[in-house]
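The structure under discussion appears below in the form of structure tokens.
The values are calculated or read from the model by the stated rules, or taken from the named source; none is laboratory data. Computed from a prediction, not measured in an experiment: that's the story for all the values here. Ideal geometry is used to build each Cβ from the backbone, glycine not excepted, and the neighbour counts take in all protein chains shown.
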């Protein structure tokens with residue numbers, strides 16, 4: 001298992017789980033990550049700029065993703081530094097040292113840049129210049145980026161609480177809680193806000209939707225009920241960020257399902273058995289998922305029917321996918337960014353972003369933005385002609401496994 005484990009009721013269960021994994025590895029050799037094959041690229045990708053935020057942690061899995069608002073990019077490092085950059089060229093606009101062990105970020109919006117710490121602090125900075133506006137204790141480690149809206153700063157803690165803080169002062173306005181299983185993966189998905197609805201997935205396989213102004217529960221849905229006899233078999237964490245498009249919510253969980261829900265009611269429109277702790281992305285036609293095993297899967301957005309499956313990156317610890325133009329990009333544990341053709345799933349280019357990339361790449365301003373676990377930020381741009389041109393029918397790279405579609409799909 002490539003994701004870490006945590007337990008909330010003593011360490012015995014986690015120790016036992018790790019011992020079980022070790023015992024299994026003795027009986028059967030663990031397969032190594034798939035080796036990358038030589039590639040004759042059919043897409044040219046330019047490295048536009050790179051930058052860095054101070055502080056790294058090679059051991060812990062931290063939720064230190066990038067935030068984008070307008071023409072600026074925001075990033076936070078585990079050493080406590082928060083910084084802003086110009087989206088187009090990477091020019092540094094400001095840097096602030098928070099003196100906190102930042103573990104969740106970077107939330108941005110409504111004039112604020114907000115991060116969370118391993119010590120349970122939430123820190124809000126002025127978006128314009130990085131000056132600290134407020135700092136509050138929330139009583140639980142924050143491993144995801146807060147969602148910043150006009151009505152509230154929505155924070156998810158690892159112990160199952162969803163909090164709404166006053167954007168002006170940080171004062172707690174509301175809270176909701178979900179029961180967390182004794183054993184979970186390390187990590188938590190970012191809360192998201194759409195209109196007046198705040199949504200988040202939890203380690204019990206459920207999605208919660210609340211009113212962002214007062215915290216009133218609108219609905220909650222069980223996407224993946226726990227199955228199996230052991231604590232390991234019953235892991236169903238939703239550790240990745242939900243994707244919202246109009247009236248639709250898309251979610252995927254570990255040892256669970258990818259699913260499409262209605263944002264107003266939580267009604268399940270479709271679901272497919274898939275396991276992921278890194279997440280998914282969407283476009284007008286498709287849903288793209290990075291699975292726990294290292295496959296990239298394309299599903300039809302309206303039905304969930306599988307279109308293709310690329311298995312060239314097995315056990316390479318893929319990031320969530322990011323859709324840009326006619327391509328889908330995923331990064332891996334060695335810092336390689338793999339570019340796939342949207343229509344076929346074939347590999348068309350490979351770039352280098354630095355070290356391990358575990359947080360989701362972002363797409364903004366025609367750029368793909370990555371941040372590796374050492375805090376190195378890289379902006380890539382596929383050649384404009386390649387993005388606008390039709391995708392090649394049969395690129396020379398190794399292709400994926402096509403999926404059979406039922407008649408009529």
Checklist (1) over 27 Å from residue 264 (Cβ atoms); (2) modelled with pLDDT of 95 or more applied to residue 187, failing item: (2)
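Would you be able to tell me the number of residues in segment 53-76 that are part of a strand (DSSP E or B) and at pLDDT 95 or above? Quick ask: steps written out before the conclusion?
Of all residues in segment 53-76, those part of a strand (DSSP E or B) come to 63-64, 67-69, 72-76.
Among the residues that remain, those that are also at pLDDT 95 or above are: 67-69, 72-76.
Total satisfying the criteria: 8.
When you scan segment 264-276, do you find a residue that is crowded, with 22+ Cβ neighbours inside 10 Å, under 13 Å from the mean Cα position of the chain (by Cα) and either more than 19 Å from residue 193 (Cα to Cα) or without any contact (Cβ under 8 Å) to a residue 40 or more places away in the chain (or both), even just one? Explain how you work it out, then say what you get.
The initial filter retains those residues of segment 264-276 that are crowded, with 22+ Cβ neighbours inside 10 Å, namely 274, 276.
When the remaining residues are screened for being under 13 Å from the mean Cα position of the chain (by Cα), the result is 276.
Okay, now just the ones that are also either more than 19 Å from residue 193 (Cα to Cα) or without any contact (Cβ under 8 Å) to a residue 40 or more places away in the chain (or both), so 276.
Looking for residues that are crowded, with 22+ Cβ neighbours inside 10 Å, under 13 Å from the mean Cα position of the chain (by Cα) and either more than 19 Å from residue 193 (Cα to Cα) or without any contact (Cβ under 8 Å) to a residue 40 or more places away in the chain (or both), one finds at least one in segment 264-276, hence yes.
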Among the candidates 227, 182, 175, residue that is in contact with a helix residue (DSSP H, G or I) (Cβ under 8 Å, 6 or more places away or on another chain) and surrounded by fewer than 17 Cβ atoms within 10 Å (Cβ to Cβ): 182
Members of segment 96-113 found to be surrounded by fewer than 24 Cβ atoms within 10 Å (Cβ to Cβ) and either within 24 Å of the chain's Cα centre (by Cα) or over 13 Å from residue 127 (Cα atoms) (or both), listed by number: 97, 98, 99, 100, 101, 109, 110, 111, 112
From the options 26, 44, residue that is surrounded by fewer than 17 Cβ atoms within 10 Å (Cβ to Cβ) and either at pLDDT below 95 or closer than 29 Å to residue 254 by Cβ (or both): 26
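Select from segment 254-265 the residues that are at pLDDT 95 or above and in a loop (DSSP other than H, G, I, E, B) and list them in ascending order.
Result: 263, 264, 265.
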Index of the failed condition, residue 17 passing every other in (1) crowded, with 18+ Cβ neighbours inside 10 Å; (2) out of contact with any helix residue (DSSP H, G or I) (no Cβ under 9 Å at 6 or more places or on another chain); (3) more than 28 Å from residue 146 (Cα to Cα); (4) modelled with pLDDT of 55 or more: (4)
Strands (runs of 3 or more DSSP E) wholly inside segment 175-241 that include at least 1 residues being more than 24 Å from residue 117 (Cα to Cα), in contact (Cβ under 8 Å) with a residue 60 or more places away in the chain and over 15 Å from the mean Cα position of the chain (by Cα): 192-194, 197-201
Those strands (runs of 3 or more DSSP E) lying entirely in segment 281-366 with at least 2 residues on the phi > 0 side of the Ramachandran plot and within 15 Å of the chain's Cα centre (by Cα): none
